[in-house]
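Since the structure comes first, as structure tokens, the remarks are kept for the end.
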Amino acid sequence: MSGGLSRRQLLALTAKIGVAGSAVAGAVWQGRNWLRSREGAPVVVIGSGAAGIAASLALLERGVPVVMMEAGRLDASGEGLTSEEYRSSGEWPFLWYRLRQRGGKLNQWKAHCPRFSAADFDGHKQEGFRWPVRYEEVAPYYTRIERILGVVGEASGEDDLPDGEFVGAFRKRVFEADFARTLAERGLLLTQGRYAVYPAAMERSRNGTIALTRDRALERTINYFRPLGTFRTALRPSPSFSILLGAQALRLEIDSTSNRPEAVTYLNRATGQQESLRVRSVVLAAGCLESTKLLLHSTSERYPAGLGNTSGTLGRYLTDHTQAGLFLRVPETVDARDLDRDGIRRPEGFGSYLHAYTAAALRKAPELAGMYGFQVFGARRVGHTVLGLTGMAVMEPRAENRMRLTGETNGAGVPVPEFRVGFTEEDQARQRKMMRVAEELAQEFRPIEEINRYSDTSSIHYAGTCRMGTDPKTSMCDATGALHEIPRIHVADASVFVNSPEKNPTLTLMALAWRSAEHLARKL
């Protein structure tokens, strides 16, 4: 693989392929009208979120024309988790959160992007957790995505939290440095989180550390990374790139002779009518569960249980992260006028979620490595700091946790899915353990007052249901994300995850999407 695409190269690519344009729901950005093309679009990327963006950039870099399909609109449309029906019939209620707009859930991503570790890909040697791809194979793609996003972090040298390619590091604030020293006395490492930031939102000090500027609009990008900045610039309409908005993919049509995709049937949400787009290859990047729903709905005589689902694993092994944690009030001696002195430049008294840390080395409990980790964040107030200890834990991938179609559709022909989700005793024990660890850490820090505690069975980090593997009898995709049965269809989102370790999955799914798209490009 060639060297990573830098931000400057990204802009150069834009200048080469892009021209300005605009669109509304139901419209197409395009140079060539693939809707009327008899030979079909070379590649259709379904979904405009993290995976769809990464896959599209990889294909364009290799000279492959792309049509992107997005079910929502250009910008925020107010559509979300209640826009379509679904059922939850398991022992635990399931919340399916979706955003119908360009960029998908990236519009509410808090930009935390750690790498998975070598042990994570090896499943910590647990049966059913191992991936068919190794960390060393994904590492160059991590670097490529980090260069595009501009990731802030500090090198820790920890195997559980691999170092990436960082543009700099945040300066620690007073309470963060205190907390790090307290944990170090216990033999625990507290290392700075890894965040995607805009270059315009940073300024570098003489010692190389980074602080946010005073611009409120730029400051908010560290809370909710907006893909409509960097990626809007990169993915403009051109002869090589088109985006079809308000187009909700319903089914993939397969040529029965060649066993290759020939069309995508989609709902034009502006007209309420079903339409068809001829295709030659497909990248499914609609997000975990949406991509799986599309495959389940694409039945035929050859694939009665869903497209490519000869293994019977489609829709199974659904996972998420459970959560538990505390919110604390920590006394401070630093006056509000000193807010800038300990590293964070922002309007006086204005607190926000700026830092996250992972206790990567829980030395006293090595058997829990990769099973749960903590993010520590603080918001400064006059006279005190609000400190959050947020734990995320692994959920065991089990075939019983699944998504299936009920056989019902809404008035527009969109299938209604049902979710059955349960937690093992080990899953629940990890969540209880997280709370106990948070309590222990809080008591050792300094005099504190507990404000609130919480636990949740979801982090909206859905993964699995179209898992990759080496054996077509027990998995849907190969190590590149291609369907075992239909190699011209690649799945590029978190649906392919074999397991989901305690880390935010976004950087990993983008790296895998880029890698998957490169492999597809070699077939064309």
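When Ser56, Ser89, Ser117 are checked against the criterion of being more than 24 Å from Ile243 (Cβ to Cβ), surrounded by 15 or more Cβ atoms within 10 Å (Cβ to Cβ) and not aromatic (Phe, Trp, Tyr), Ser117 stands alone in meeting it.
Quick grid of which residues meet (1) farther than 23 Å from Thr191 by Cβ; (2) surrounded by fewer than 17 Cβ atoms within 10 Å (Cβ to Cβ); (3) in contact (Cβ under 8 Å) with a residue 12 or more places away in the chain:
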residue: Leu95; (1), (2), (3): yes, yes, yes
residue: Ala111; (1), (2), (3): no, no, yes
residue: Phe129; (1), (2), (3): yes, no, yes
residue: Arg134; (1), (2), (3): yes, yes, yes
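State whether the residues of region 306-322 include one that is closer than 14 Å to Gly464 by Cβ, buried (at least 24 other Cβ atoms within 10 Å of the Cβ) and basic (Lys, Arg). No: region 306-322 contains no residue that is closer than 14 Å to Gly464 by Cβ, buried (at least 24 other Cβ atoms within 10 Å of the Cβ) and basic (Lys, Arg).
Here Gly123, Gly104 are screened, and the one residue that is buried (at least 16 other Cβ atoms within 10 Å of the Cβ), touching a residue at least 40 places away in the same chain (Cβ under 8 Å) and touching a Gly at 6+ places or on another chain (Cβ under 8 Å) is Gly104. Quick one: would you say Ala305 is assigned to a loop (DSSP other than H, G, I, E, B), modelled with pLDDT of 95 or more and either touching a Cys at 6+ places or on another chain (Cβ under 7 Å) or of a type in the set (A, V, I, L, M, F, W, C) (or both)? Yes: the conditions hold for Ala305. Look at Ser276 and say whether it is free of Cβ contacts under 8 Å to residues at least 60 places away in the same chain, surrounded by fewer than 20 Cβ atoms within 10 Å (Cβ to Cβ) and not in a loop (DSSP other than H, G, I, E, B). Spelling it out, Ser276 is indeed free of Cβ contacts under 8 Å to residues at least 60 places away in the same chain, surrounded by fewer than 20 Cβ atoms within 10 Å (Cβ to Cβ) and not in a loop (DSSP other than H, G, I, E, B). A count restricted to region 478-499 and to residues that are within 19 Å of the chain's Cα centre (by Cα) and surrounded by fewer than 21 Cβ atoms within 10 Å (Cβ to Cβ) stands at 1. Residue count for region 90-119, restricted to those that are over 24 Å from Gly150 (Cα atoms) and charged (D, E, K, R): 3. Note on region 467-524: residues that are in contact with a helix residue (DSSP H, G or I) (Cβ under 7 Å, 6 or more places away or on another chain), touching a residue at least 60 places away in the same chain (Cβ under 8 Å) and of a type in the set (Ser, Thr, Tyr) amount to 3. Does any residue of region 463-477 turn out to be more than 20 Å from the chain's Cα centre (by Cα), among the charged types (D, E, K, R) and surrounded by 15 or more Cβ atoms within 10 Å (Cβ to Cβ)? No, region 463-477 contains no residue that is more than 20 Å from the chain's Cα centre (by Cα), among the charged types (D, E, K, R) and surrounded by 15 or more Cβ atoms within 10 Å (Cβ to Cβ).
If the condition is being basic (Lys, Arg) and closer than 29 Å to Lys293 by Cα, then region 416-473 contributes Arg420, Arg467, Lys473. Among the conditions (1) under 27 Å from Tyr266 (Cα atoms); (2) in contact with a Pro (Cβ under 8 Å, 6 or more places away or on another chain); (3) of a type in the set (Val, Ile, Thr), Val394 misses just one, which is (1). Scanning region 136-170 for residues that are more than 12 Å from Ala511 (Cβ to Cβ), of a type in the set (A, V, I, L, M, F, W, C) and surrounded by fewer than 23 Cβ atoms within 10 Å (Cβ to Cβ) returns Ala155, Phe166, Val167, Ala169. Reported count of residues in region 308-351, each being at pLDDT 50 or above and either of a type in the set (Phe, Trp, Tyr) or assigned to a helix (DSSP H, G or I) (or both), is 2.
For region 88-147, residues that are assigned to a strand (DSSP E or B) and of a type in the set (Ser, Thr, Tyr) total 1. When Val416 is tested against the conditions (1) crowded, with 17+ Cβ neighbours inside 10 Å; (2) modelled with pLDDT of 90 or more, the lone failure is (1).
Residue-level check: of (1) under 30 Å from Gln443 (Cβ atoms); (2) of a type in the set (Gly, Ala, Ser); (3) modelled with pLDDT under 70, Ala177 misses just (3).
The values are calculated or read from the model by the stated rules, or taken from the named source; none is laboratory data. Just so we're clear, the structure is a prediction, and the values are computed from it rather than from any experiment. Counting neighbours? That spans all protein chains shown, and the Cβs are built from the backbone with ideal geometry, glycine included.
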